[in-house]
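Worksheet for the structure shown next.
The values are calculated or read from the model by the stated rules, or taken from the named source; none is laboratory data. Just so it is clear, the structure is predicted and the values come from calculations on it, not from any experiment. When we count neighbours, we look across all protein chains shown, and the Cβ atoms used for this are built from the backbone with ideal geometry, even at glycine. The area values use the complete protein model at the heavy-atom level, side chains included, leaving out ligands, DNA and RNA. Shrake-Rupley method; radii C 1.70, N 1.55, O 1.52, S 1.80 Å.
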Amino acid sequence: MGEQKHMKTITKLAYISLAIAVLAIGAPTANGELGDLFASLTGTGVNGGGFLYRYTSGGVQSTLASGVSRPHGLAFDHFGNLFATITTFDGTSYQGTILKITPLGVQSTFASVGRDLHLVGLAIDTSDNVFVMARTSGPNFASTIYKFTPGGVQSTFGSIPTPSQSFGLAFDEMSTLFAADTFNQTVFEFAPDGTRSVFVGPSAFDLDTGPAGLAFDRFGDLFVSTKSEPPLIRNDTILKFTPQGVRSTFATGLTFPRGLAFDRSGNLFVADVDGVGSGEILKFTPDGNRTVFAVVPVPSNTDPQFLAFQLLPTPRPRPSPHPRPSAER
């Protein structure tokens, strides 16, 4: 009887702690409010030329950080900390680092990834481990996924077959990590232990296009932005893949769409270069209706990269269990 009472006390304290955490994260912070959208922009493409922007649900823009170097991947952990991949150039080689911005707006270097590496996609799992995609600049153009514990301890999680040009990362609800590789026209998936397989291969993409950005909706479908080589105005698409790898086209007529992110209502937001003026952040309703959510200011250059919403994790419908494909489609 005493043991049951003790367990009830522990459970009650756990719920109280969770409630306090939710209230703390839900309150307005330097990082904005729940539901705000964050975007990385490489800006002038030189050291210190990039920006991190924040957008309210109504599309009002403000600057979260300026003077950052080539920011790309963005993601929040469960405590409301924002992480971003940063790449500086010292005149001879690139240096990849991960920037951390707390809810109070304090900026610090979470980890240094290594030299001769250009960092792109970033994703965070349910245990707040940070995963980043790192690319070399040649001659083999190798892509490697590094894992960092919440304490910043680095390890190698997986790699993409060389040569490669990888971009986005995204986790599904089973903690499987998906990685987009444009050069190989393939979306790879990595089991929690790092085992790699092919989710969809070259036959899933049109000639001279490959995957770039990734995002899962609440039903477990994977949305993929495509990148043309060479880049062509209005030639790119957003594709949708079911958990079984069945493809459909969600949107067309885009120019190098990159980062993708879903809000809590199931609307898809897309960072699009546009190709004829300032970059744009597009908004697609679940039925595919397209509007311009925000236009990126010209001084920031026409180069929006990745997107992330500040959202508390919520349960989502689990798809019917079906084995994922392991061979190219």
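Once the Cα atoms of the stretch 71-179 are picked out, what are the Rg and Dmax in Å?
Expressed in Å, the Cα Rg and Dmax of the stretch 71-179 come to 13.4, 42.
Give the peptides 102-109, 126-133 in descending order of average Cβ contacts within 10 Å, highest first. Intermediate results must be reported in sequence, preceding the final value.
Values: 102-109: 12.9, 126-133: 20.0.
Ranking, from highest mean packing down: 126-133, 102-109.
According to the square roots a ≥ b ≥ c of the eigenvalues of the Cα gyration tensor, what is the shape class of the stretch 154-277, taking rounded for a/c under 1.5, prolate for a/b larger than b/c otherwise, and oblate for the remainder? Could you put the intermediate results ahead of the total?
Details: a/c = 1.71, a/b = 1.26, b/c = 1.36.
Oblate, because a/c is 1.5 or more while a/b does not exceed b/c.
Measure out, as a whole number of angstrom, how far apart the alpha-carbon centroids of the stretch 171-192 and the stretch 78-140 sit.
When both Cα centres are located, 18 Å separates them.
Relative to the present Cα-Cα distance, how much length would full extension add between residue 106 and residue 218 at 0.36 nm per residue of separation? List each step's numbers first, then the result.
Details: separation 112, 0.36 × 112 = 40.32 nm, distance 3.13 nm.
Contour length minus Cα-Cα distance gives 37.2 nm.
What translational D, rounded to a whole number of µm²/s, comes out for the stretch 94-141 from Stokes-Einstein when the hydrodynamic radius is the Kirkwood one over Cα pairs, at 4 °C and 1.567 mPa s?
This corresponds to a translational diffusion coefficient of 108 µm²/s.
Kirkwood Rh and Cα-based Rg: tell me the resulting Rg over Rh for the stretch 165-215, rounded to two decimals.
Values: Rg = 10.6 Å, Rh = 10.9 Å.
Radius of gyration over Kirkwood radius for the stretch 165-215 works out to 0.97.
Does the stretch 205-286 come out rounded, prolate or oblate by the C-alpha gyration tensor, with a ≥ b ≥ c the root eigenvalues, rounded set by a/c under 1.5 and, if not, prolate when a/b is larger than b/c and oblate if not?
Oblate is the answer for the stretch 205-286, as a/c is 1.5 or above yet b/c matches or exceeds a/b.
Tally Lys and Arg at +1 and Asp and Glu at -1 over the other residues with C-beta under 15 Å from the C-beta of residue 124: what net charge comes out? All intermediate terms of the calculation are to be shown ahead of the outcome.
Details: positive: 100, 147; negative: 77, 125, 128, 172, 173.
So the environment of residue 124 carries a net charge of -3.
By accessible area of protein heavy atoms, probe 1.4 Å, what ranking do 240, 227 get, highest first? Mind dumping the intermediate values first?
Numbers: 240 65, 227 15 Å².
Per-residue accessible area, sorted high to low, gives 240, 227.
May I ask you to rank 254, 64 by accessible area, largest first, using a 1.4 Å probe over the protein chains only?
Values: 254 0, 64 30 Å².
Listed by decreasing accessible area, they come as 64, 254.
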